[in-house]
Amino acid sequence: MTVFKTKVGRRSFLKTSALAGGGLMISFSWLASCKPGEEEQALQMPDEWFELNGFIKIGENGVVTIMSPNPEIGQNVKTSMPMIVAEELDVDWDNVVVEQAPLNTEIFTRQLAGGSQSIRQGWNNLRMAGATGRRMLMEAAAKVWQVPVGEITTKKGVLYHSASEQSAGYGEFASAAVGLEVPEEITLKEIKDFTIIGTDRRNVDGPKIVTGQPLYGLDYKAEGMLYAMVAQPPAFGMKLKSVDVAAAKAMPGIRDVFSFTSYPAEQAKQ
Amino acid sequence: MALFSLKINGSTQEVDVDPSTPLLWVLRDHLDMVGTKFGCGIAACGACTVHLEGNAIRSCSVPVSMVGEQAVTTIEGLSEKGDHPVQKAWLEIDVPQCGYCQAGQIMNAAALLNQNPNPTDAQIEAAMSGNICRCGTYTRIKEAIKTAANS
């Protein structure tokens, strides 16, 4: 076993835990689980969510929400990044719901897509997030069971203490784990013990995609929102001579038509 | 503006729009059915594919005035529970990556299988050649169409 200091992201974990201590989220919806197969199963959503850190929420019934930090642009990081968290948290992938994280680089660090770097750069942070959550659940169980935390083991979202023959699902200790100090050190899994990383898992958004449910920027409308369109010159280096906006402005629904220079520095030179 | 009564996914919808409005924008902007995607706007990418009387058409380039009495089917109405053979095959083969083009791919594939329940590789390639996928899911699309054909 390899022990790691949790200094990477520890500050942000602390922050989120403090935030989450007071506020738990009440859920009212049904979401499709990550369970593959023809019969897409709906997971029973919990009554309460307990946020262990920015990446992980666990319901009282053991359902786990994992935040996917980076933009999904077809590289399937919305599936693969949560898989890494789930691996170290040691939960059943069938019991995981993935949610797109909001922009918060303090918690999620590098939230961009590019250069095939999402997994490489996210790897440590994602493993830490999962392992930290697992450790906090173990500590919560150790307190209640009054046993050394080192004797507690986990498997697929269940905590075990074999000597006293006790076991409990993560959901039972999620509430207690939220109030705990973020551990100074955590243990990461050995690569040979991986059961999720390195396995083939289907796109978590597959069922939404094949039924045309809204997932993309163009699908959302906000109150008072307007659409803007840029008419580009047909070739680089061309300059606008003149533009008659009267006809365009006369069309129904057109609020304004105007020209602009996209490179202020260029404009300044002239 | 003109009133149009459209048969969409089994129900009748009234819209008051300019007759030249492409069916795509009637669906997306006027009826809030955003499953059908805008890609190129010139019938060159296939993202906006819907069915008109069971045939695949590019809705970005069909004015609403041309629809008339013909039944429109969109990705939202391909099946009630998302269990059309093509949708099931798409999940089984895990076709979608970003998913943006997939509504169009699925609608085009469903229309192909309506007309030709057992297409050859060449027929699949010919029928699907107008549907572009930036993620490059083409090999899985072909596999899923074969899976759907055999189901």
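Structure summary
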{"quantity": "Number of partner chain Cβ atoms within 10 Å, mean per residue of B:27-38", "calculated": "3"}
{"quantity": "Projected-area mean, region B:85-150, by convex hull of Cα positions, square nanometres", "calculated": "3.7 nm²"}
{"quantity": "Qualifying GluC sites (Glu not before Pro) for region A:124-169 [loop in DSSP, other Cβ within 10 Å: at most 16]", "calculated": "A:Glu165"}
{"quantity": "Efficiency of FRET between B:Ala2 and B:Cys40 - r from beta-carbon atoms, R0 22 angstrom, step 0.05", "calculated": "0.25"}
{"quantity": "Geometric extent, Cα atoms of region B:2-77 - Rg, Dmax (angstrom)", "calculated": "10.9, 29"}
{"quantity": "Three-way shape call for region A:68-191 based on the alpha-carbon gyration tensor, with the a/c threshold at 1.5", "calculated": "prolate"}
{"quantity": "Alpha carbon convex hull of chain B, volume per residue in cubic angstrom", "calculated": "98 Å³"}
{"quantity": "Rg(Cα)/(2.2 N^0.38 Å) for the protein assembly as shown, N = residue count", "calculated": "1.17"}
{"quantity": "Peptide B:84-96, shielding by other chains (average Cβ, 10 Å cutoff)", "calculated": "5"}
{"quantity": "Sorted by Cβ neighbour density within 10 Å, fewest at the top, the residues A:Val245, B:Val67, A:Val64", "calculated": "A:Val245, B:Val67, A:Val64"}
{"quantity": "Region A:117-270 - convex hull of the alpha-carbon atoms, volume per residue in Å³", "calculated": "293 Å³"}
{"quantity": "Charge dipole (debye, nearest 20) of the protein assembly as shown; +1 at Cβ of Lys and Arg, -1 at Cβ of Asp and Glu", "calculated": "1440 debye"}
{"quantity": "Which of B:Ser20, B:Val50, B:Gly10, positive extreme of dipole for region B:7-56 (C-beta unit charges)", "calculated": "B:Val50"}
{"quantity": "Spin-label pair A:Val144/B:Asn55, simplified geometry with 7 Å Cα→Cβ offset, distance in nm", "calculated": "6.5 nm"}
{"quantity": "Residues A:Ile84, B:Ile132, A:Ile66 arranged by fewest to most Cβ contacts within 10 Å", "calculated": "B:Ile132, A:Ile84, A:Ile66"}
{"quantity": "Order of A:Lys239, B:Lys37, A:Lys155 - criterion: other Cβ atoms within 10 Å of each residue's Cβ, fewest first", "calculated": "A:Lys239, A:Lys155, B:Lys37"}
{"quantity": "Extension reserve of the A:Val230-A:Val243 stretch, reckoned as 0.36 nm per residue once the Cα distance is removed", "calculated": "3.3 nm"}
{"quantity": "With at most 15 neighbouring Cβ atoms within 10 Å, loop GluC sites (Glu not before Pro) (DSSP) excluded, longest segment of chain B", "calculated": "B:81-151"}
{"quantity": "Charge dipole magnitude, Cβ of K and R +1, D and E -1 - region B:2-77, Cα centre, debye nearest 20", "calculated": "280 debye"}
{"quantity": "Mean projected area (nm²) of the alpha-carbon convex hull when region A:156-225 is viewed from all directions", "calculated": "10.3 nm²"}
{"quantity": "Of all DSSP beta bridges in region A:47-153, antiparallel share, percent nearest 5", "calculated": "60 percent"}
{"quantity": "Residue pairs, from the table A:Lys208/A:Lys249; A:Lys78/A:Lys221; A:Lys189/B:Lys88; B:Lys7/B:Lys146; A:Lys221/B:Lys7, whose Cα atoms sit over 32 Å apart", "calculated": "A:Lys208/A:Lys249; A:Lys189/B:Lys88"}
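Laboratory data are not the source of any read-out in this text; all were calculated from the coordinates shown. Everything quoted here is computed from the prediction, not taken from an experiment. Note that each Cβ is placed from the backbone with ideal geometry, even for glycine, and that neighbours are counted across all protein chains shown.
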